[in-house]
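Taking it in order: structure first as structure tokens, then the write-up.
Values quoted throughout were computed directly from the atomic coordinates according to the rules given, and no laboratory measurement underlies them. Just so it is clear, the model here is predicted, and its values are computed rather than measured. When we count neighbours, we look across all protein chains shown, and the Cβ atoms used for this are built from the backbone with ideal geometry, even at glycine.
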Amino acid sequence: MIPVIRPFLGEEEALAAAETVRSGWVAQGPRVKEFEGAFAESVQAQHGVALSNCTTALHLSLHLLGIGPGDEVIVPSLSFIATANAVRYVGATPVFADVEPLTANLTAATVEAVITPRTAAVLAVHQCGLPFDVDTLDALCAKHKLALVQDAACAAGSTYKGRPATAGASIAAWSFHPRKVLTTGEGGMLTTDNEEWAARARRLREHGMSVSAADRHSTGRVVLETYDEVGFNYRMTDLQAAVGLVQLRKLPEVIARRRELADRYHKLFTEVDVDDLRAVTDPDYGTTNYQTFWVELPESYGGSLVDALSGLAARGISARRGLMASHNEPAYADAPAELPVTERLTQRLVALPLFHQMTEDEQDTVVHALTEVLREGRR
Ligand SMILES: *Cc1c(COP(=O)(O)O)cnc(C)c1O
């Protein structure tokens, strides 16, 4: 089977993890600090706070903003379910907004349509690494005095108007799960330009401790920490951060390769005889890292998403549903929403294999299989 994604990990990562083991300090410590600094710099943020994953980063972001019961937070339904779940963790109500068909992202118009007097924040996603139009959403949020949290889980290496996609964001949350382009096994980061939020997030991730365990260790003096508010255990380990530092150095090369493979997919699709096959591409205001390379099943294809995925699987291609729709899941049965574009895209987007080590032969096999599946299912 050709997998949909394969993490790009090598000897360097293995050595970095081994060195950390040998150092004797494996929990949150010097490597985490170094990774936070390097990652924040790479996305042009003032501060980085490394966390256990992106879901905890989203939760902490909303917690820092003081969002809670009675507040509504606008989110896309067309996203991994963690986006909506984070709103529930703080006791607030997720309100689903529809997306724009070309980018699968929220827009100022789809968000404005669901703003109410209870709306406190917008949690917008750079979906599959494709940036949303940050300036227009920023302007809308400023007009309605709403916080804007950026779910950048998939967006490492994506750009908006020539800068990293979240540059200038008040708060953004990142994922380093192996399904993303930069991985630490599990891991996440909160980035912000707000010094107070960063300092508080650092305490909150470590049970609300006034002085971190690593800092108490390195002072060599007796320090009794205090716990001034209820915190969490949302820490990243030095083992993960050591791997992350290597992955971060490789990121430009990884993005270049993903974009090269995506361009080749685009070119191959123009050469095959399939009507209206639409594939994800850069928006006019930025660039995607192609964290997920999706195609939309054309009108001419009469089968279902499962038919298409099964047809590809039978030909040795491990493809996936492009994006889930959270409001269709039983967990959100109490949050009905009318989202025609979301409904269509969740049923028609297929994520195709794309990974650093992918060969041209493998890519040709995918295109050939997809062409066959679409031809067989032509209405
Ligand atoms: C993957 C993903 C998350 C969750 O990331 P974890 O690090 O696995 O918690 C959240 N939001 C989006 C949009 C994602 O794609």
Subject >> trypsin sites (Lys or Arg not before Pro) lying in DSSP loop within the stretch 202-311, provided at most 10 other Cβ fall within 10 Å >> reply: 221
Original post:
Of 26, 95, 211, which has the largest mean-square fluctuation in a 10 Å C-alpha GNM of the chain?
Top reply: 211
Original post:
Quick one: which of 145/250; 143/180; 33/250; 161/250; 161/267 span more than 29 angstrom between C-alpha atoms?
Top reply: 145/250; 143/180
Subject >> residue 41/residue 112 FRET efficiency (R0 51 Å; Cβ-Cβ; nearest 0.05) >> reply: 0.90
Original post:
What translational diffusion coefficient, in µm²/s and rounded to a whole number, does the Stokes-Einstein relation yield for the chain at 4 °C and a viscosity of 1.567 mPa s, taking the hydrodynamic radius as the Kirkwood radius over Cα pairs?
Top reply: 60
Original post:
Calculated FRET efficiency, residue 314 and residue 211, Cβ-Cβ r, R0 51 Å, to nearest 0.05?
Top reply: 0.30
**OP:** Using only the Cα atoms of the stretch 122-252, build the gyration tensor, take square roots of its eigenvalues as a ≥ b ≥ c, and label the shape rounded, prolate or oblate: rounded if a/c is under 1.5, else prolate if a/b is larger than b/c, else oblate.
**Re:** oblate
Subject >> Label-point separation in nm, residue 161 to residue 360, each point 7 Å along Cα→Cβ >> reply: 3.9
**OP:** Loop only per DSSP, at most 10 neighbouring Cβ atoms within 10 Å: give me the GluC sites (Glu not before Pro) in the stretch 215-298, ordered by residue number.
**Re:** 229
**OP:** Give, as ranges by residue number, the residues of the stretch 223-248 whose backbone N falls under 16 Å from the point 7 Å along Cα→Cβ of residue 89.
**Re:** 230-237
**OP:** Compute the normalised compactness of the stretch 239-379: alpha-carbon radius of gyration over 2.2 N^0.38 Å, N being the residue count.
**Re:** 1.18
Original post:
Of the peptides 113-124, 300-311, how do they stack up when ordered by the mean number of other Cβ atoms within 10 Å, highest first?
Top reply: 113-124, 300-311
Subject >> Projected-area average for the stretch 1-130 over all orientations - Cα convex hull basis, square nanometres >> reply: 11.2
Original post:
Measuring from centroid to centroid over Cα atoms, what is the spacing of the stretch 114-147 and the stretch 33-57 in Å?
Top reply: 22
**OP:** Enumerate the whole-percent occupancy of each 10 Å bin, from 0 to the last occupied one, for all C-alpha pair distances of the stretch 1-74.
**Re:** 14, 30, 33, 18, 6
**OP:** Mind telling me which of 204, 58, 182 comes out most flexible in a GNM of the chain, alpha-carbon contacts under 10 Å?
**Re:** 204
Original post:
Between the stretch 241-265 and the stretch 309-332, what's the alpha-carbon centroid distance in Å?
Top reply: 25
Original post:
By how many nm would the segment from residue 324 to residue 270 lengthen if fully extended, with 0.36 nm per residue of separation less the alpha-carbon distance?
Top reply: 16.7 nm
